[in-house]
1. Considering only residues that are in a helix (DSSP H, G or I) and among the small types (Gly, Ala, Ser), look in region 55-106 and name the one that is surrounded by the fewest Cβ atoms within 10 Å (Cβ to Cβ).
2. If you go through region 131-168, how many residues are part of a helix (DSSP H, G or I) and more than 25 Å from Ile203 (Cβ to Cβ)?
3. Pairs only if they're at least six apart or on different chains, beta carbon under 7 angstrom, first in region 169-187 and part of a helix (DSSP H, G or I), second among the β-branched types (Val, Ile, Thr) and buried (at least 24 other Cβ atoms within 10 Å of the Cβ); list them, first residue then second.
4. Quick one: is Ala194 in a helix (DSSP H, G or I) and assigned by TED's automatic domain parsing to the domain that holds Leu95?
5. Report yes if Lys199 is surrounded by fewer than 18 Cβ atoms within 10 Å (Cβ to Cβ), in contact with a Gly (Cβ under 9 Å, 6 or more places away or on another chain) and basic (Lys, Arg), otherwise no.
6. From Ser104, Ser124, which residue is in contact with a helix residue (DSSP H, G or I) (Cβ under 6 Å, 6 or more places away or on another chain), of a type outside the set (A, V, I, L, M) and under 30 Å from Ala69 (Cα atoms)?
7. Would you please list the contacts, defined by Cβ atoms under 7 Å and residues six or more apart or on different chains, that run from a residue in region 101-117 that is β-branched (Val, Ile, Thr) to a residue that is assigned to a strand (DSSP E or B)?
8. From Ser238, Ser184, Ser206, which residue is of a type outside the set (A, V, I, L, M, F, W, C), out of contact with any Gly (no Cβ under 9 Å at 6 or more places or on another chain), surrounded by fewer than 18 Cβ atoms within 10 Å (Cβ to Cβ) and closer than 26 Å to Gly139 by Cβ?
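The values are calculated or read from the model by the stated rules, or taken from the named source; none is laboratory data. On a predicted model such as this, the values are computed, not experimentally measured, just so you know. Every residue, glycine among them, receives a Cβ derived from its backbone with ideal geometry; neighbour counts consider all protein chains shown.
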Amino acid sequence: MTGVAKRRGIFAITMLSLAGSTASHAAEVAECSLALGLQTHCLCAVSQLHPTQITVGIQQVREKERELAKKSVAKLGGYLRSHPAPAVWGPGGALYIIDHHHLSRALWNRGGTRMYCEIKANFSADASAELWEKMETMGWAYPYDESGTKRESNAIPPTVAGLRDDPYRSLAGYVRDACGYEKSNAVFAEFRWAEYFRKQIPIKPSQIVETRIIDQAIAYARSDAAANLPGYCGNHCSCR
């Protein structure tokens, strides 16, 4: 067994233990189903979740994996319960997550089988084209690839396992964490910062985002040119 396979196996066992530990909470947290109302928290299978974007920052996903692997079963369960993925029902009862793509991909990479979802809308009666039209109108889909090019909705992978790497998305996350800008509730705020950095700093596909690149990006984030981006705070960020 390879090191990767072994780590996935250990984590999968942890997730099975987590699944067992949730049995006592069945009255509070049920399996996700169309019968549940909106705003409901429910248990969902990671392998069945459909993304609403094409990319993630794989470097940040790896860090999330390491973070999850350090947690005990109890702490992992509590963490996942407090971080449900907002999701909507789509055609055929398919479940589409509209956030927490990095968490769901990290869980899948580690062999995790289940997480929590929070149902935000029910579009199960819609056709696929209607679904994506509504999702984009509501700001719940981001069909842009790792070059920043908008694609058709069918370019969005069918599972979180297919999410592709955009190093600029990792960069945007690192700059936010370093207080280059403040966390914002604006739709796809980190992706907007990623597109801004894409125009300023050359990064090769799958290149490691090093400290020197982050430092460059922080300077760009605090410049007047970024003033219209969500969370911009110049040299007066309160997140320090």
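1. Selected residue: Gly92.
2. First, the residues of region 131-168 that are part of a helix (DSSP H, G or I): 131-137, 153-155, 160-162, 167-168.
From what is left, the residues that are more than 25 Å from Ile203 (Cβ to Cβ) are 131-137, 153-154.
So the count comes out to 9.
3. Matching pairs, first to second residue: Arg169/Thr55; Arg169/Val56.
4. Details: in a helix (DSSP H, G or I): yes; assigned by TED's automatic domain parsing to the domain that holds Leu95: no.
No.
5. Answer is yes for this residue.
6. Criteria check complete, one pass: Ser104.
7. Thr113/Ala45
8. Working: Ser184 fails: out of contact with any Gly (no Cβ under 9 Å at 6 or more places or on another chain); Ser206 fails: closer than 26 Å to Gly139 by Cβ.
The unique qualifying residue is Ser238.
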